[in-house]
Amino acid sequence: MKISVIGCGYLGAVHASSLAKLGHVVVGIDIDQAKIDLLSSAKAPFYEPGLPELLSETLATGALTFSTDMRLARGAAVHFVAVGTPQQEDSNAVDLRAVESAFEAIVLQVSPGDVVVGKSTVPVGTAQRLAELVEAAGAHLVWNPEFLREGYAVKDTISPDRLVYGVRPGDDHSVAVLDEVYASALAQEIPRVVTDFATSELVKVAANAFLATKISFINAMAEVAEVTGADVTQLADAIGYDQRIGRRFLNAGLGFGGGCLPKDIRGFMARASELGAGDALNFLGEVDAINLRRRERMVDLCREVLGGNIEGAKIAVLGLAFKPDSDDVRDSPALDVAARLAELGGNVRATDPQAVETSRRLRPELDYVATAEEAARDADVVLVLTEWREYRNIDPVALGSVVSVRAILDGRNCLDPVQWREAGWTYRALGRP
């Protein structure tokens, strides 16, 4: 099939290249010429494992092209809209300007019978409103939420764990077209849910709200563990054996960040309030508050280890991205903690395998270095704030040879405390004795 993908940011670039890999002919369209130039030369504007190789392969075959010209979407049978939906600057609500602009542009290029597919995460009720615009052009609207995990986005697109189609009742045409788009996934017997617009819009934010709640729950338990002397990692193991609970997403630490979970739960609360159902999601306010308190606790723990005074201390920060295998520092707990320590007078040297440049653009005042060894040289304390594999596997003896004081704070509970203590380190972590 010929397919257009409107918006070539993180979601759109991965989606376009993955669809081309599945055998479709895809044009990715974006208003940012610099981004289009990078993608056209098989260079991703962000870090995502496997994406550069996928871009090279699909561009070489001619199955994938990129452009700023919206007119190239003409003739495509399916048009995916995959633009960003950030949080508004002055409220918790979602900023829909990019989505609205993209739909206004694409309806000028569609033909009767085309299918326009919303991929962006939007407040419930958005699809119903946009459907009128699409249908006035003779096309059909489907809402098809994405469930990409940064670091695994290519795999999650080519082989998702479920597909959700939000359609008008009786719109068998759109269902059949999307079934053809996702024929490879459906051949793997991946579950498919066909539902209405509202339910499809709620699926993504409900899933993220649940995951955020689970993460904040174990971090709340970490707060209790710290005042009782309990070990939150062993607590998580014990309750995780309960099949009703499960062990995944019960990793206590610095909390969640990134471009999805924080803004999605805030946008969900804002939309529920607009609909008169705000009380139903009041608990998400505490979920958000617990998550943010972890950052404050990490600063407090650093102050404790430094004897009560951060000012003038040499502090090494290992990890800046909100999660490993990503260069994304949007609402990153790691970068936030590094910035807070610097604001309190600490001499912070920070590093990350991929996120130094993205961090520098957001927090240019910090001192960035290339390696963990550089960051830790003569340090009074070392903080591991993103659980990159190379930090999880770092040799405590070798690192101990470059620091001034062997003190390490494990912000992700990703290190072996026995190993570090045997190497002469003071080891502290969130929720552990």
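See the values below:
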{"read-out": "Among (1) part of a loop (DSSP other than H, G, I, E, B); (2) surrounded by 19 or more Cβ atoms within 10 Å (Cβ to Cβ); (3) more than 23 Å from the chain's Cα centre (by Cα) - the single one Asn413 does not satisfy", "value": "(3)"}
{"read-out": "Residue list for the range 70-84, filter: under 19 Å from Thr121 (Cα atoms) and either without any contact (Cβ under 8 Å) to a residue 24 or more places away in the chain or open to solvent by less than 40 Å² (accessible area, probe 1.4 Å) (or both)", "value": "Val78, His79, Phe80, Val81, Ala82, Val83"}
{"read-out": "Considering residues of the range 34-53 that are part of a helix (DSSP H, G or I) and open to solvent by 10 Å² or more (accessible area, probe 1.4 Å) only, the residue farthest from Gly118 (Cα to Cα)", "value": "Glu53"}
{"read-out": "Residue within the range 167-179 that is within 28 Å of Asp328 (Cβ to Cβ) and either of a type outside the set (Asp, Glu) or without any contact (Cβ under 8 Å) to a residue 24 or more places away in the chain (or both) present", "value": "no"}
{"read-out": "Given (1) open to solvent by 40 Å² or more (accessible area, probe 1.4 Å); (2) of a type in the set (Val, Ile, Thr); (3) in contact (Cβ under 8 Å) with a residue 40 or more places away in the chain, index of the condition Ile31 fails", "value": "(3)"}
{"read-out": "Checking Leu202 against (1) under 22 Å from Gly50 (Cα atoms); (2) surrounded by fewer than 22 Cβ atoms within 10 Å (Cβ to Cβ); (3) not small (Gly, Ala, Ser), the condition it does not meet", "value": "(1)"}
{"read-out": "Residues located in the range 102-132, provided they are buried (at least 19 other Cβ atoms within 10 Å of the Cβ), of a type outside the set (A, V, I, L, M) and assigned to a helix (DSSP H, G or I)", "value": "Phe103, Thr126"}
{"read-out": "Residues of the range 85-98 that turn out to be surrounded by 15 or more Cβ atoms within 10 Å (Cβ to Cβ) and not small (Gly, Ala, Ser), as a count", "value": "7"}
{"read-out": "Close pairs (7 angstrom Cβ cut-off, 6 or more residues apart or separate chains): of a type in the set (Ser, Thr, Tyr) in the range 41-53, open to solvent by 60 Å² or more (accessible area, probe 1.4 Å) and assigned to a loop (DSSP other than H, G, I, E, B) anywhere", "value": "Tyr47/Gln354"}
{"read-out": "Residues of the range 335-381 classified as of a type in the set (Asp, Glu) and part of a strand (DSSP E or B), total", "value": "1"}
{"read-out": "Some residue of the range 381-389 being touching a helix residue (DSSP H, G or I) at 6+ places or on another chain (Cβ under 9 Å) and either among the polar types (S, T, N, Q) or free of Cβ contacts under 8 Å to residues at least 40 places away in the same chain (or both)", "value": "yes"}
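The values are calculated or read from the model by the stated rules, or taken from the named source; none is laboratory data. Keep in mind that what you see is a predicted model, and the values were worked out from it rather than measured. Neighbour counts run over all protein chains shown; Cβ positions are idealised from the backbone, glycine included. Ligands, DNA and RNA are excluded from the accessible area calculation, which covers all protein heavy atoms including side chains. Shrake-Rupley method; radii C 1.70, N 1.55, O 1.52, S 1.80 Å.
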